[in-house]
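As structure tokens, the structure follows; a few thoughts come after it.
The values are calculated or read from the model by the stated rules, or taken from the named source; none is laboratory data. It should be emphasised that the depicted structure is a prediction, and the values quoted were computed from it without experimental measurement. Here Cβ is always computed from backbone atoms with ideal geometry, including for glycine, and neighbour counts include all displayed protein chains.
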């Protein structure tokens, strides 16, 4: 199972960044429900997203991981986006 992740960065004052985007189901090309977005680096954040996500991050380097959860299994994963 494949999925697509859209990442956008928005720079703001105060040396912080908003990371936001969308996660799509690779088979139906619809927004994926029950997607987990995990960001590791200068700080670590993890959120459950219903297709759309937004995280405010301090200045630094990060690795973004995304997973689609279906039932109790990981349906698809895409690491180091």
For this session: Kindly establish whether residue 67 is surrounded by 12 or more Cβ atoms within 10 Å (Cβ to Cβ) and modelled with pLDDT under 85.
Result: yes
So, first residue without any contact (Cβ under 8 Å) to a residue 60 or more places away in the chain in the range 45-63, second residue crowded, with 16+ Cβ neighbours inside 10 Å and in a loop (DSSP other than H, G, I, E, B), Cβ within less than 7 Å, six or more apart or across chains; the pairs are 51/32
Of the residues in the range 28-46, those that are part of a strand (DSSP E or B) and either within 8 Å of the chain's Cα centre (by Cα) or crowded, with 17+ Cβ neighbours inside 10 Å (or both) come to 35, 36, 37, 38, 39
